[in-house]
Structure formats: C-alpha cells, structure tokens
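The values are calculated or read from the model by the stated rules, or taken from the named source; none is laboratory data. Keep in mind that this is a model prediction, so the values were computed, not measured. Here the Cβ positions follow ideal geometry from the backbone for every residue, glycine too, while neighbour counts run over all protein chains shown.
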Amino acid sequence: MNNTPKPVDEPQWAKGLVKPPAWRRESERTVFENPWMRLTQHQVVAPTGLASDYTIMQPKNVATGVLPIHDDGTVVLVGQQRFALGTYSWEIPEGGAPVGEDPFDGVRRELAEEAGLEAAHWLPALTMEVSNSVTTEMAYTWLAWGLGPVPVAPDPTEVITIVRVPFAALLEEIGRGTVRDGLTVATAYRAYHMAQNGELPEALARALLGRV
C-alpha cells in the first residue's frame, strides 16, 4: 500500500476550462541560502504579460504531519514555542522530511520523536501547498491509529508538551482560534470529513464523532 498522498492535476469542475498563460521565468539568482531554505529572485512575465520581479522561498524539506487517534476517539497533540510569531502552538506531531526522502518515512519519525508513539495503521489525509504565492513548500498529512508507545526524542531546540484530548475539543479550540497551526487545522477538518463520509473504519469514525 502506498501511504504517501499523491496530488491530482485539477478538480473535476475545472476540466475543459480555458486557463491563462503560465508565469514565465526569464532569469533566476540565489540571494540567500542555508541548510533549511533557499531564497531566489526571479525576473518574470506575469500571465497578463506584465514584466515583474518575484522572490520565492524554496525549503529543503517537505512538511509532514499526523493526527494520532486513540481507539476512544481522543487525539494526541503537542505544544511548543514557535519563534517566527512568538507564540505557544498546539499542533499535531509534524516536521520536515528532506527532499528526496519518502515523506511517509519522515512523518513516522516525527510521530516517534515528538509524541513517543508508533502506529499500526496509517491513512493519507492531505496534500497541501502551504503558501503557494511565496514558497514552493509542500505538505503531506496522515491519520494514524493502532497506537503504541516508543521513546521520545525531540529536537535539541524543542521543549514539547504532549496532551491527549477528545477530538471534539480539538475542533472546538480550532473554532475559538486557540489552535491555529495550518497543518493541524486542515488535517482535523479533513479527519472530521473522512469520519462523516465513511472513509475510516466504522468503529474509529464513531469514536471520533462521539457516537460510541
């Protein structure tokens, strides 16, 4: 079984629609690079024909995340300080997989390192373009169940809090705006949709939806 989500070309409703010309790249130069990303500046021609200057961030990892689901419908989240926005963030276990590595290998590693868990069952949830106006970053997320403990091994810069909460409580906090991480929000709503529409094992779906 292939456990890595695969993107499709276009929505069903878009088939046959005429699309504008693609952006055209005239030149490219690297303006900054470190082990995690590369910033490139481009001289481009927009779909309208307008010449423009464009800078994009190209990560050297793809983003991965997993919503771990226990048999009783509770889910595992991790809390940690995030530097860019200066916030404490509640998230699904997530991280990066080097470009060229199977993202599924990366997400299994993150589940163990951050949450101290391994899973017997995995199901692809989402393939996402994280912020496609400014970055090439791709993200892949999964649902996982049949959970068991393994040793945690967080990154040396991380101090992680692990919590186990009812799935309904996660959805409520997303609605209140206290859980804002993009991969977490999108994957939680996708999990709800999958549970409602028969895409999960019946017992697991009933537990997630509080119908046990």
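If you filter segment 130-154 down to residues that are touching a residue at least 60 places away in the same chain (Cβ under 8 Å) and outside any strand (DSSP E or B), you find that the one that is surrounded by the most Cβ atoms within 10 Å (Cβ to Cβ) is 137.
Can you pull out every residue in segment 186-212 that is basic (Lys, Arg) and assigned to a loop (DSSP other than H, G, I, E, B)?
We begin by selecting, within segment 186-212, every residue basic (Lys, Arg); these are 190, 206, 211.
Scanning segment 186-212 gives a single hit, 211.
Of the strands (runs of 3 or more DSSP E) lying entirely inside segment 29-100, the ones with 1 or more residues being among the aliphatic types (A, V, I, L, M) and touching a strand residue (DSSP E or B) at 6+ places or on another chain (Cβ under 9 Å) are found at 37-45, 51-59, 61-68, 74-82, 94-98. From the list 91, 33, the lone residue that is charged (D, E, K, R), within 19 Å of residue 112 (Cα to Cα) and surrounded by 10 or more Cβ atoms within 10 Å (Cβ to Cβ) is 91.
For segment 1-30, which residues satisfy the criterion of being surrounded by 12 or more Cβ atoms within 10 Å (Cβ to Cβ) and at pLDDT below 90? Answer for segment 1-30, where residues must be surrounded by 12 or more Cβ atoms within 10 Å (Cβ to Cβ) and at pLDDT below 90: 3, 4, 5.
In segment 164-184, of all residues being within 19 Å of residue 111 (Cβ to Cβ) and surrounded by 14 or more Cβ atoms within 10 Å (Cβ to Cβ), the one that is nearest to the chain's Cα centre (by Cα) corresponds to 183. Among the residues of segment 155-185, those that are touching a residue at least 12 places away in the same chain (Cβ under 8 Å), more than 20 Å from residue 63 (Cα to Cα) and assigned to a helix (DSSP H, G or I) comprise 167, 168, 170, 171, 173, 174. Among residues of segment 100-117 that are assigned by TED's automatic domain parsing to the domain that holds residue 150 and among the aliphatic types (A, V, I, L, M), those with a beta-carbon under 7 Å from a residue that is part of a loop (DSSP other than H, G, I, E, B) and crowded, with 21+ Cβ neighbours inside 10 Å at least six positions away or on a different chain give the pairs 111/93; 115/93. Among residues of segment 194-212 that are at negative phi, those with a Cβ under 6 angstrom from a residue that is in a helix (DSSP H, G or I) and loosely packed, with under 15 Cβ neighbours inside 10 Å, sequence gap 6+ or separate chain, pair up as 212/206.
How many of the residues making up segment 190-212 are modelled with pLDDT of 95 or more and surrounded by fewer than 14 Cβ atoms within 10 Å (Cβ to Cβ)? Counting residues in segment 190-212 that are modelled with pLDDT of 95 or more and surrounded by fewer than 14 Cβ atoms within 10 Å (Cβ to Cβ) gives 7.
When 120, 115 are screened for being surrounded by 19 or more Cβ atoms within 10 Å (Cβ to Cβ) and modelled with pLDDT of 95 or more, only 115 passes. Residues in segment 96-112 that are on the phi < 0 side of the Ramachandran plot and small (Gly, Ala, Ser): 96, 97, 106, 112.
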